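To keep things clear, I will list the structure first and then write my remarks on it.
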Amino acid sequence: MKKSQEQRIRRHKKILERTRSSNLPRLTVFRSSKHIYASLVAEKNGKTLFSVSDKASTKKITKLEKAKEVGKEFAQEAIKKKVKKVVFDRAGYLYHGRVKALAEGAREGGLEF
């Protein structure tokens, strides 16, 4: 495993310790080289309630703009499920770029974290 992957996994373990102490649902982010995914995980039983990704998007826009749209779409789905407050789990990724854009999109959509 690459050193950067090991560092991300180490950071993710620390983040999970902090986010699991809360009883709020968790907004989890996964970022690949091409796509970005967001899912809502219930902390009580560890089940994924729903997930959103940019795979269905056919627009010719940048990855950063797609991430922001995924955040807004995620917020709409969460509000439909009557979830207003979540804990943001960035999965060990640094908080900038697409991860930050997704978070800002979710906040603009009405989520609090």
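Residues in region 67-94 that are among the small types (Gly, Ala, Ser) and modelled with pLDDT under 95: ALA91, GLY92. Criterion applied to PHE74, PHE50 was being crowded, with 19+ Cβ neighbours inside 10 Å and among the aromatic types (Phe, Trp, Tyr), and the one residue passing it is PHE74.
Only one of ARG10, ARG20, ARG90 is of a type in the set (D, E, K, R), under 20 Å from GLU112 (Cα atoms) and in contact (Cβ under 8 Å) with a residue 24 or more places away in the chain; which?
ARG90
The residue pairs whose first member lies in region 73-86 and is closer than 16 Å to VAL29 by Cα, whose second member is β-branched (Val, Ile, Thr), and whose beta carbons are closer than 8 Å, counting only pairs six or more residues apart or on different chains, are GLU73/VAL52; PHE74/VAL52; GLU77/VAL52; ALA78/VAL86. Within region 98-113, residues that are within 14 Å of ARG26 (Cβ to Cβ) have Cβ atoms under 7 Å from residues that are among the aromatic types (Phe, Trp, Tyr) in these pairs: ALA103/PHE88; ALA106/PHE74; PHE113/PHE88, counting only partners at least 6 apart in sequence or on another chain. Does LEU64 meet the test of being in contact with a Lys or Arg (Cβ under 9 Å, 6 or more places away or on another chain), closer than 15 Å to LEU102 by Cα, in a helix (DSSP H, G or I) and modelled with pLDDT of 95 or more? Criteria met by LEU64.
Criterion applied to ILE79, ILE61 was being touching a Gly at 6+ places or on another chain (Cβ under 6 Å) and surrounded by fewer than 17 Cβ atoms within 10 Å (Cβ to Cβ), and the one residue passing it is ILE79.
Taking region 87-113 as the range and being over 24 Å from GLY46 (Cα atoms) and buried (at least 20 other Cβ atoms within 10 Å of the Cβ) as the test, the residues that pass are ARG98, ALA101, GLY105. When region 95-113 is limited to residues that are out of contact with any strand residue (DSSP E or B) (no Cβ under 7 Å at 6 or more places or on another chain) and acidic (Asp, Glu), the one that is nearest to LYS63 (Cα to Cα) turns out to be GLU104. Scanning region 67-97 for residues that are in contact with a Lys or Arg (Cβ under 6 Å, 6 or more places away or on another chain) and part of a helix (DSSP H, G or I) returns a single hit, ALA67.
The values are calculated or read from the model by the stated rules, or taken from the named source; none is laboratory data. Quick caveat, the model's predicted, so the values are computed rather than measured. Backbone-built Cβ (ideal geometry, glycine too); neighbour counts: all protein chains shown.
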